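Worksheet: one structure, shown below.
The values are calculated or read from the model by the stated rules, or taken from the named source; none is laboratory data. Just so it is clear, the model here is predicted, and its values are computed rather than measured. Don't worry about glycine lacking a Cβ; one is built from the backbone with ideal geometry, like all the others, and counts go over all protein chains shown.
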Amino acid sequence: MVSTSLPAQIIYSHNFTKKLHRAGIDFVEPVEGFYKVRLLKKDDLLKYDMVIQSKEKDLEMRFVLDPKYKLDVPHLSFFNLATSLATNEQRFNIKLNVYPPSEAKSLYGADWAAYSDFIPKRTLTDKYYARLISIFREGLGMAHQIILFNRHEREVDVRSHTISFRGGEQDLN
């Protein structure tokens, strides 16, 4: 008889669950990689709604949900956050990619979406690389996901789709 233990389901905080519901956001819980909630609620830059990490995958994800975000300038919030999280050393570049509206809708159920790859500030993490994914949907708010990692592997790309607005393209027309 072979016995295996499966990772326990991630327990969300009441506040995180409430914000997911208010913003109409789906959260795709990672089932591989033994992700666990990490107790990091705030650093010098942000207050996080949830932080999960996988020692097995050497990856950490931080989430900031803002269902009250009503401004119609999500790109400014995204650019400001990306430049705040990235190192200020001039030898490193910040890669920014704003999705075309049709891709934002199909990938994230969003009116607007973007991602940024950069070298994070040392005060943020001990990881070498970071990816910021930001999504916005009018009337529902804005959400940011920060992925921190040491090696760019498939897991980073898969986890880049952990959050999305419910309903998708059919509800946005």
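Quick look at the numbers
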{"quantity": "Cβ-Cβ under 9 Å pairs, at least 6 apart or on other chains, the stretch 134-158 side at positive phi, far side small (G, A, S) and surrounded by fewer than 19 Cβ atoms within 10 Å (Cβ to Cβ)", "calculated": "G139/G24; G141/G24"}
{"quantity": "Residue count, the stretch 1-25 (criterion: surrounded by 12 or more Cβ atoms within 10 Å (Cβ to Cβ) and at pLDDT below 85)", "calculated": "4"}
{"quantity": "Selection status of F78, out of contact with any Pro (no Cβ under 8 Å at 6 or more places or on another chain), closer than 20 Å to M50 by Cβ and hydrophobic (A, V, I, L, M, F, W, C)", "calculated": "yes"}
{"quantity": "Qualifying residue in the stretch 126-133 (condition: modelled with pLDDT of 90 or more and assigned to a helix (DSSP H, G or I))", "calculated": "no"}
{"quantity": "Test result for K55, out of contact with any strand residue (DSSP E or B) (no Cβ under 6 Å at 6 or more places or on another chain) and touching a residue at least 24 places away in the same chain (Cβ under 8 Å)", "calculated": "no"}
{"quantity": "Yes/no for D117 being touching a Leu at 6+ places or on another chain (Cβ under 9 Å), under 24 Å from E32 (Cα atoms) and surrounded by fewer than 20 Cβ atoms within 10 Å (Cβ to Cβ)", "calculated": "yes"}
